[in-house]
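The values are calculated or read from the model by the stated rules, or taken from the named source; none is laboratory data. The model shown is predicted, which means the values in this text are computed figures rather than measured ones. Backbone-built Cβ (ideal geometry, glycine too); neighbour counts: all protein chains shown.
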Amino acid sequence: MNLQVSSFEDYKKTYDYSVKEPEKFWAEIAENFQWKKKWDTVLNWNFKEPAIKWFEGAKLNITENCLDRHLDTIGDKPAIIWEPNDPEESHRVLTYKQLHDKVCQFAVVLKNNGIQKGDRICIYMPMIPELAIAVLACARIGAIHSVVFGGFSAQSIADRIQDASCNLVITADGGFRGGKDIPLKSVIDDALVQCPSVKKVIVVTRSRTPVSMIKGRDVWWEDEIKKVETMGNPECPAEEMDAEDMLFILYTSGSTGKPKGVVHTCGGYMVYTGYTFSNVFQYQPGEIYFCTADIGWITGHSYIVYGPLSQGATTVLFEGVPTWPNASRFWDIVEKHKVNILYTAPTAIRSLMGFGLDPLKGKDLSSLKKLGSVGEPINEEAWHWFDEHIGNKECPIVDTWWQTETGGIMISPIADVTPTKPGYATLPLPGIQPILVDENGKELEGNDVSGNLCIKFPWPGMLRTTYGDHERCRTTYFATYENLYFTGDGCLRDADGYYRITGRVDDVLNVSGHRIGTAEVENAINMHSSVVESAVVGFPHDIKGQGVYAYVVCPEHHSDEELTRKDIIMTVSRIIGPIAKPDKIQFVSGLPKTRSGKIMRRILRKIAEGDTSNLGDTSTLLDPGVVDEIKIGSEKMK
Ligand code: WTA
């Protein structure tokens, strides 16, 4: 079966078939990939344990699909176009042949440093080609990568390294993001104080910041490559992997506890990301595709690296940020590299909207054919701005809903196929069976309903477990509603059967498209020496979508309130990373609690949203007076 549907009629036909005959459907899709050995069974599953196995018995290596199989046909075509942070620095192009060679070379470096199939490797790098090379080199030899986004703190990295007992870290001396230099190696040094499992650190040169190199532990990427060259660049055949062998771990926040390591496996993830990339964007050979995400997040894994490369696409990798050195940066990149497909986040669109139309003046965006949005609900104003000013009303916008756990896009228009509607992720992709349920898990049938979004049948890209703690995977995703995967999102299905994601229904915030657990932020705030307790909720933020609002009980702040606020922010930065910094901190004398001691977050959320007219029933509160005090305090903060 062709990966791409050809029309809306074809979509409907394909969708029906995929629901009636899911195993046949996915087997036909999987035929489009290169397997060392085909599967014995397409699917084996239950959502109880959960146990989900796709393409059991099959053997493959995802890098053969991303690299080797393209060498004869498009070996000299660009695989990666790298655009640096600073527009004055020249860009780099890696053809499929060059990327293949570099991946093999670095895979040998990993082997030379004692890495074997199944070892876990932490990657903490800036957005440079070496990041993609490192990821693919791990996959080449069957090592499991755990990429940590550059905005996380030493403590967060240490937590992740410990959780997966990583043996090796790959990092850079430093990185550039906009006007900032990020001292990556130094952050790693801090993290490693707590990580005895790490025996080696490979450091690539990027910023030329001075770094400490510890004898016996730290080696330079460039030196290691030279060693491989003196070995005569030995071949690095791709390790034969079982379809259900682990490919990578990616940590993500939930409503409770520390972030969990979402596990994806080789076969299903390869099929799902390749399929969805090709179909949703209707990728045509030769098109230049630019996803503005960071490889530190799932969007970068699936739609900068694996999906596009398995389809022989040219993928643009951008080191910087949309607003530096000025708000024309994205549009300059589009013009310079003649980008055909632009996949970005609502938060970027909103922040660029704020600069008006001047940054667009004289920019040639005529190469653009398709636009995409991901990571958070896109408000109608941003949708229309994207449509009119970037797409010139000629480019379909695919508003793609999915999650770290789903591996790839789940509900989304298919470019030029599905009629779009602003704010709507529209319809499920073939193979995806969404269902809306009420609080009690009862299915909400028909249209014009809203409820909690679940998925009732497995798909190849879904998570298999959470690393080291399968029970947590079960309770988080499969125990809320029997026999369903629960997404944590609220959703509306309108009269036309179109889906609109309304946002998280659990205690997870989505700040600038980044998932942040309120419990995590509270724990970090509570680490501050004078804080007694805290409660964190989200509030509507013009650019970030959601901002972080913290209510903090801190009896000793009176000495210098502003300084204490800054100290608390600094504490959160240290513990989690700058991305989780509270936007607003309100000092309160107590939190609204029920007699059983539960914090009434509903009330705090309403106050943070500025909606204090109807706070609902507060009579069950231990001390109803505290609500008035909080209300008055919050009004003063405006
Ligand atoms: C939200 C990012 C509305 C949603 C790929 C989900 C969206 C969470 C959309 C996952 C969208 C993602 N419309 N909301 N198109 N895409 N979300 O794991 O709340 O970083 O549960 O994966 O982002 O975030 P994650």
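Structure notes:
- Meeting the requirement of 3 or more residues that are within 33 Å of the chain's Cα centre (by Cα), the helices (runs of 4 or more DSSP H) wholly within the stretch 540-638 are 561-575, 601-608.
- Pairs where the first residue, in the stretch 256-269, is closer than 13 Å to Tyr477 by Cβ and the second is of a type outside the set (Asp, Glu) and part of a loop (DSSP other than H, G, I, E, B), C-beta under 7 Å, 6+ apart: Lys260/Gly254; Val262/Leu463; Val263/Leu463; Val263/Arg464; Val263/Tyr467
- Tally, over the stretch 26-76, of residues that are over 30 Å from Glu235 (Cβ atoms), touching a Lys or Arg at 6+ places or on another chain (Cβ under 6 Å) and either at pLDDT below 95 or small (Gly, Ala, Ser) (or both): 0
- Condition met for Asn447 (at pLDDT below 95, in a loop (DSSP other than H, G, I, E, B) and more than 19 Å from the chain's Cα centre (by Cα)): no
- Apart from one condition, Asp173 fits all of (1) out of contact with any Lys or Arg (no Cβ under 9 Å at 6 or more places or on another chain); (2) touching a residue at least 12 places away in the same chain (Cβ under 8 Å); the exception is (1).
- Among the helices (runs of 4 or more DSSP H) confined to the stretch 206-312, the ones with at least 2 residues that are of a type in the set (A, V, I, L, M) and more than 13 Å from the ligand (Cβ to nearest atom) are located at 221-230, 266-281.
- Selection of first residues in the stretch 205-228 that are small (Gly, Ala, Ser) and of second residues that are in a loop (DSSP other than H, G, I, E, B), restricted to Cβ pairs under 6 Å at least 6 apart or on distinct chains, gives the following pairs, ordered by first then second residue: Ser207/Asp173; Ser207/Gly174.
- Residue in the stretch 429-446 that is at positive phi, crowded, with 21+ Cβ neighbours inside 10 Å and touching a Pro at 6+ places or on another chain (Cβ under 8 Å) present: yes
- Neighbours by Cβ (under 8 Å, 6+ apart or cross-chain): first from the stretch 431-451, farther than 25 Å from Lys13 by Cβ; second hydroxyl-bearing (Ser, Thr, Tyr) and surrounded by 19 or more Cβ atoms within 10 Å (Cβ to Cβ): Val437/Tyr481; Gly441/Tyr481
- Any hit, the stretch 476-487, residues being assigned to a strand (DSSP E or B), within 9 Å of the ligand (Cβ to nearest atom) and surrounded by fewer than 20 Cβ atoms within 10 Å (Cβ to Cβ): no
- If only residues of the stretch 489-499 that are touching a Leu at 6+ places or on another chain (Cβ under 8 Å) and within 12 Å of the ligand (Cβ to nearest atom) are counted, the one that is nearest to Ser412 (Cα to Cα) is Tyr499.
- Yes/no for Lys117 being in contact with an Asp or Glu (Cβ under 8 Å, 6 or more places away or on another chain) and among the basic types (Lys, Arg): yes
- Checked against the criterion of being surrounded by 17 or more Cβ atoms within 10 Å (Cβ to Cβ) and over 28 Å from Thr230 (Cα atoms), the candidates Leu60, Leu67, Leu94 yield just one match: Leu60.
- Exclusive hit being assigned to a strand (DSSP E or B) and within 16 Å of the ligand (Cβ to nearest atom), set Cys454, Cys473: Cys454
- Selection from the stretch 505-545 of residues that are of a type in the set (Asp, Glu), more than 11 Å from the ligand (Cβ to nearest atom) and touching a strand residue (DSSP E or B) at 6+ places or on another chain (Cβ under 6 Å): Glu522, Glu533
- Positions within the stretch 21-71 being within 23 Å of Thr465 (Cα to Cα), aromatic (Phe, Trp, Tyr) and either in a helix (DSSP H, G or I) or touching a helix residue (DSSP H, G or I) at 6+ places or on another chain (Cβ under 8 Å) (or both), in sequence order: Trp26, Trp39, Phe47, Trp54, Phe55
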